[in-house]
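Heads up, the thing below is written out as structure tokens.
Taken together, the values in this text are just the output of simple stated rules run on the coordinates, not laboratory data. Because the structure is a prediction, the values reported are computed rather than measured. Positions of Cβ are backbone-derived with ideal geometry, glycine not excepted, and every protein chain shown enters the neighbour counts.
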Amino acid sequence: MKRLLACAWLWLASLAVALPGDSVYQLDATLTDQRGRTVKLDIARGQPVLVSMFYTSCQFVCPMLIDAARDTQAELSETERKRVKVLLISFDPARDTPAKLESLARERSLDASQWTLARTDPATVRKIAALLKFQYRALPDGEFNHSAELILLDGEGRIAARTAMLAGADSRVVGAIRRQLTAPAKP
């Protein structure tokens with residue numbers, strides 16, 4: 001029991017370590033997930049996370065982003081898959097309520113233990129997009145022009161890889177995930 005408590009304390013202490021200067025987790029952003037829970041941008045701190053931005057009413061690119069993240073997961077072993085999270089952040093918070101995010105998660109059979117669909121206020125959306133170098137622009141008809149990328153963050157929120165490949169899994173991102181999972185923690 002003492003050993004377990006010591007390990008837990010060390011793990012918590014490691015999370016309290018200052019973030020690297022190039023970490024997107026430097027932004028203290030509060031999100032609301034598909035279950036209506038308040039979560040932080042660094043919800044997956046300590047493990048790799050595939051992150052992208054999307055909106056639920058998108059009929060073309062965003063479903064392909066989801067498929068690309070799934071395809072990437074499918075290239076990993078079950079053990080590896082359990083250690084990599086997916087975070088999709090809506091850039092349409094006016095329409096993407098937690099109920100709409102949950103509906104999409106159910107419709108696409110996205111495992112809530114691995115996938116977080118989230119929204120935040122418009123100002124924070126812009127800040128996150130800027131940190132990720134993700135571009136989007138609202139159109140007069142309510143649709144959006146936007147980047148189409150999956151971005152791999154390491155356990156400390158640094159961009160480790162990115163891909164615009166939406167047909168299947170990008171082997172470079174899969175390799176980067178595997179390197180993240182086997183690399184010792186970086187200071």
List the number of the failed condition for Glu107; all other conditions in (1) surrounded by fewer than 16 Cβ atoms within 10 Å (Cβ to Cβ); (2) within 14 Å of the chain's Cα centre (by Cα) hold.
(2)
Can you tell me which residue among Ser147, Ser109 is within 23 Å of Asp71 (Cβ to Cβ) and touching a residue at least 60 places away in the same chain (Cβ under 8 Å)?
Ser147
Counted residues, the range 34-73 - those being closer than 29 Å to Ala183 by Cβ, in a loop (DSSP other than H, G, I, E, B) and among the basic types (Lys, Arg):
1
Looking at Leu153, is it surrounded by fewer than 19 Cβ atoms within 10 Å (Cβ to Cβ), of a type outside the set (S, T, N, Q) and in contact with a strand residue (DSSP E or B) (Cβ under 8 Å, 6 or more places away or on another chain)?
no
Matching residues in the range 150-185 - criterion: being within 18 Å of Met64 (Cα to Cα) and of a type in the set (Ser, Thr, Tyr)
Thr163, Ser171
What pairs come out if I take residues in the range 57-85 that are without any contact (Cβ under 8 Å) to a residue 40 or more places away in the chain and pair them with residues that are assigned to a loop (DSSP other than H, G, I, E, B) whose C-beta lies under 7 Å away, six or more apart or interchain?
Cys62/Tyr55
Please go through the range 46-70 and give me each residue that is buried (at least 18 other Cβ atoms within 10 Å of the Cβ) and more than 20 Å from Ser90 (Cβ to Cβ), ordered by number.
Pro48
